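To start, the structure itself, in structure tokens.
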Amino acid sequence: MTAKLPRSFYLQDTVTVARSLLGCVLWRRIGRELLAARLVEVEAYLGANDSASHARRGLRSARNESMYLEGGHAYVYFTYGMHWCLNVVTAEGDIAEAVLLRAAEPLRGIETMRERRSKAKRDRDLMNGPAKLCSAMAVGKSLDGEPLDGNALWLTARDQAVNEDDIAVSHRIGVENSGESAHWPLRFFIRGNPYVSR
DNA sequence: TTATTGATTGACT
DNA sequence: GTCAATCAATAAA
């Protein structure tokens with residue numbers, strides 16, 4: 001059993017956390033059921049100065065309140081009237097930085113994930129998108145603001161090495177109309193991995 | 001007060 | 001490739 005990532009991991013620079021999360025394993029416990037997936041695609045959101053962030057210009061509401069928690073908590077938000085997305089909060093309290101978990105490779109509990117994601121035709125379609133990842137792992141409002149070293153949701157270190165050269169970088173997805181930060185290189189994914197969203 | 005817009009997905013042409 | 005679903009936060013009036 002691999003140890004849960006310590007709180008100090010999430011207090012590093014947000015881009016460092018984002019890159020370091022690639023290859024790490026996300027765990028979800030629901031009763032006796034244990035699900036796991038290897039992260040293959042993430043995006044960094046850099047708080048008040050990031051025009052694509054929910055916390056742009058210091059915006060703060062009930063919805064994004066957990067973005068302002070200290071690093072090591074979950075920020076789960078509802079979007080498009082029907083989807084949930086999961087972020088790993090970074091930085092100290094009151095600094096709204098976070099990493100959006102966009103795609104993962106299912107490792108454990110795949111049959112259960114298939115039940116939750118009945119529209120997925122292949123295993124690679126189970127978690128190749130931020131809302132798909134949440135659907136597969138039953139992540140919703142109940143986990144918003146929860147610590148990431150708890151009993152329902154946590155992360156462990158890479159189960160296999162990831163070379164820096166294998167980390168590809170691009171602009172973030174779905175933020176084309178969000179102003180000057182739209183082109184910032186804050187999406188990180190494992191080059192060539194079949195489980196990335198695109 | 002009303003209108004617009006999503007950190008998306010899946011169905012359809 | 002286009003587009004509807006569906007609702008909350010924000011922007012506009």
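The values are calculated or read from the model by the stated rules, or taken from the named source; none is laboratory data. Being a predicted model, the structure only gives us computed values, none of them experimental. Virtual Cβ from ideal backbone geometry, glycine too; neighbours counted across all protein chains shown.
Below are the figures for this structure:
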read-out: Residue satisfying all of: in the range A:100-129; within 16 Å of DNA strand C (Cβ to nearest atom) and touching a residue at least 60 places away in the same chain (Cβ under 8 Å); farthest from A:ASN87 (Cα to Cα) among these; value: A:ASN128
read-out: Number of positions in the range A:14-27 that are more than 16 Å from A:VAL40 (Cβ to Cβ) and without any contact (Cβ under 8 Å) to a residue 24 or more places away in the chain; value: 1
read-out: Positions within the range A:88-118 being more than 21 Å from A:ASN193 (Cα to Cα) and near DNA strand B (Cβ under 8 Å from one of its atoms), in sequence order; value: A:ALA96, A:ALA98
read-out: Residues of the range A:161-185 that turn out to be in contact with a strand residue (DSSP E or B) (Cβ under 7 Å, 6 or more places away or on another chain) and within 19 Å of A:ASN128 (Cβ to Cβ), as a count; value: 9
read-out: Residue in the range A:140-160 that is among the acidic types (Asp, Glu), within 19 Å of A:ALA18 (Cα to Cα), out of contact with any strand residue (DSSP E or B) (no Cβ under 6 Å at 6 or more places or on another chain) and not in a loop (DSSP other than H, G, I, E, B) present; value: no
read-out: Subset of the range A:165-186 (residues that are within 16 Å of DNA strand C (Cβ to nearest atom), surrounded by 13 or more Cβ atoms within 10 Å (Cβ to Cβ) and in a helix (DSSP H, G or I)); value: A:SER181, A:ALA182
read-out: Residues within the range A:106-133 that are surrounded by fewer than 21 Cβ atoms within 10 Å (Cβ to Cβ) and within 27 Å of A:LEU11 (Cβ to Cβ), tallied; value: 1
read-out: Matching residues in the range A:80-105 - criterion: being out of contact with any Asp or Glu (no Cβ under 6 Å at 6 or more places or on another chain) and crowded, with 24+ Cβ neighbours inside 10 Å; value: A:LEU86, A:ASN87, A:VAL88, A:VAL89, A:ALA96, A:GLU97, A:ALA98, A:VAL99, A:LEU101, A:ALA104
read-out: When residues of the range A:59-73 are limited to those that are out of contact with any Gly (no Cβ under 7 Å at 6 or more places or on another chain) and in contact (Cβ under 8 Å) with a residue 12 or more places away in the chain, the one farthest from DNA strand B (Cβ to nearest atom); value: A:GLY72
read-out: Residue tally, condition on the phi > 0 side of the Ramachandran plot and touching a residue at least 12 places away in the same chain (Cβ under 8 Å), over the range A:28-56; value: 1
read-out: Selection status of A:VAL162, more than 13 Å from the chain's Cα centre (by Cα), surrounded by 15 or more Cβ atoms within 10 Å (Cβ to Cβ) and at pLDDT 95 or above; value: yes
read-out: Of all residues making up the range A:10-67, the number that are surrounded by fewer than 20 Cβ atoms within 10 Å (Cβ to Cβ) and more than 29 Å from A:THR112 (Cβ to Cβ); value: 19
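Here is a yes/no grid of residues against (1) touching a Phe, Trp or Tyr at 6+ places or on another chain (Cβ under 6 Å); (2) more than 30 Å from A:GLU115 (Cβ to Cβ):
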| residue | (1), (2) |
| --- | --- |
| A:GLY140 | yes, no |
| A:ALA152 | no, no |
| A:LEU155 | no, no |
| A:ALA161 | no, yes |
| A:SER170 | no, yes |
| A:GLY174 | no, no |
| A:GLY179 | no, yes |
| A:TRP184 | no, yes |
| A:ILE190 | no, no |
